[in-house]
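Colleague: This structure is in structure tokens; I'll ask about it shortly.
The values are calculated or read from the model by the stated rules, or taken from the named source; none is laboratory data. These numbers come from a predicted model, not from an experiment. Here the Cβ positions follow ideal geometry from the backbone for every residue, glycine too, while neighbour counts run over all protein chains shown.
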Amino acid sequence: MTKSRNCDAEVCNVPVKFVVVPAKSEKQTFHSYVTGLDIPLPENALRYQMAPFVDYKIHGQFGECGINSENVAMSSTESLYGNPQVLGLDPLVKNGIGEDALLSIVLPLIHSARDGVQYLGKLIEKIWFSRR
């Protein structure tokens, strides 16, 4: 399978890492350094690879793109940080699901693109309604 990825960051000549995250059969928690949210992950996570671009301790994990062991590919970045108009309509919120989390909380758990959309939608709904 061939995959390509463009980089829309401010500095595009930084080497991009290629990380393989092994399959895991124990419960895990994803911590977002960007929003502070801890997201429990189900057991039996699939093996996946990602191409993080930033220092996760400063900017979060930002897996950016990857493919899991079921051959489901995902790109999970957007450029809202530089767009005040978008942030005005959809602001980042403390303890919300940010761009840094998307790949790591979805790709190791899905078997199709449809699974990914449904899983993320249910997770957003669960987090949103738990605050009300």
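Colleague: Looking for whichever is over 21 Å from residue 23 (Cβ atoms), surrounded by 13 or more Cβ atoms within 10 Å (Cβ to Cβ) and out of contact with any Gly (no Cβ under 7 Å at 6 or more places or on another chain) here; the options are 97, 105, 124. Which one fits? Lay out the reasoning, then the answer.
Modeller: Values: 105 fails: over 21 Å from residue 23 (Cβ atoms); 124 fails: surrounded by 13 or more Cβ atoms within 10 Å (Cβ to Cβ).
Of 97, 105, 124, the one residue that is over 21 Å from residue 23 (Cβ atoms), surrounded by 13 or more Cβ atoms within 10 Å (Cβ to Cβ) and out of contact with any Gly (no Cβ under 7 Å at 6 or more places or on another chain) is 97.
Colleague: If residue 63 satisfies every condition in (1) at pLDDT 80 or above; (2) outside any loop (DSSP other than H, G, I, E, B); (3) surrounded by 11 or more Cβ atoms within 10 Å (Cβ to Cβ) but one, which is the exception?
Modeller: Of (1) at pLDDT 80 or above; (2) outside any loop (DSSP other than H, G, I, E, B); (3) surrounded by 11 or more Cβ atoms within 10 Å (Cβ to Cβ), only one is false for residue 63: (2).
Colleague: Is there any pair linking a residue in segment 27-46 that is closer than 19 Å to residue 62 by Cβ and free of Cβ contacts under 8 Å to residues at least 40 places away in the same chain to one that is surrounded by fewer than 17 Cβ atoms within 10 Å (Cβ to Cβ) and among the acidic types (Asp, Glu), with Cβ under 6 Å and at least six apart or on different chains, and which?
Modeller: Close Cβ pairs satisfying both conditions: 29/38; 31/38.
Colleague: Looking only at strands (runs of 3 or more DSSP E) that lie completely in segment 1-60, which have at least 1 residues being at pLDDT 85 or above, touching a Pro at 6+ places or on another chain (Cβ under 9 Å) and loosely packed, with under 12 Cβ neighbours inside 10 Å?
Modeller: Passing ranges, in order: 28-31.
Colleague: For segment 93-132, which positions are at pLDDT below 80 and among the hydrophobic types (A, V, I, L, M, F, W, C)?
Modeller: 93, 128, 129
Colleague: Right, here's the next one. Of all residues in segment 61-110 being among the β-branched types (Val, Ile, Thr) and in contact with a helix residue (DSSP H, G or I) (Cβ under 9 Å, 6 or more places away or on another chain), which is farthest from residue 49 (Cα to Cα)?
Modeller: Step one: filter segment 61-110 for residues among the β-branched types (Val, Ile, Thr), giving 67, 72, 77, 86, 93, 97, 105-106, 110.
Retained after the next criterion (residues that are in contact with a helix residue (DSSP H, G or I) (Cβ under 9 Å, 6 or more places away or on another chain)): 67, 72, 77, 86, 97, 105-106, 110.
Working: 67: 6, 72: 11, 77: 15, 86: 29, 97: 20, 105: 13, 106: 12, 110: 14 Å.
Among those that are among the β-branched types (Val, Ile, Thr) and in contact with a helix residue (DSSP H, G or I) (Cβ under 9 Å, 6 or more places away or on another chain), it is 86.
Colleague: Let me ask another. Would you pick out the residues in segment 111-132 that are among the acidic types (Asp, Glu) and more than 16 Å from the chain's Cα centre (by Cα)?
Modeller: Looking only at segment 111-132, we keep the residues that are among the acidic types (Asp, Glu), and these are 115, 125.
If the condition is that a residue be among the acidic types (Asp, Glu) and more than 16 Å from the chain's Cα centre (by Cα), then 125 is the only one that fits.
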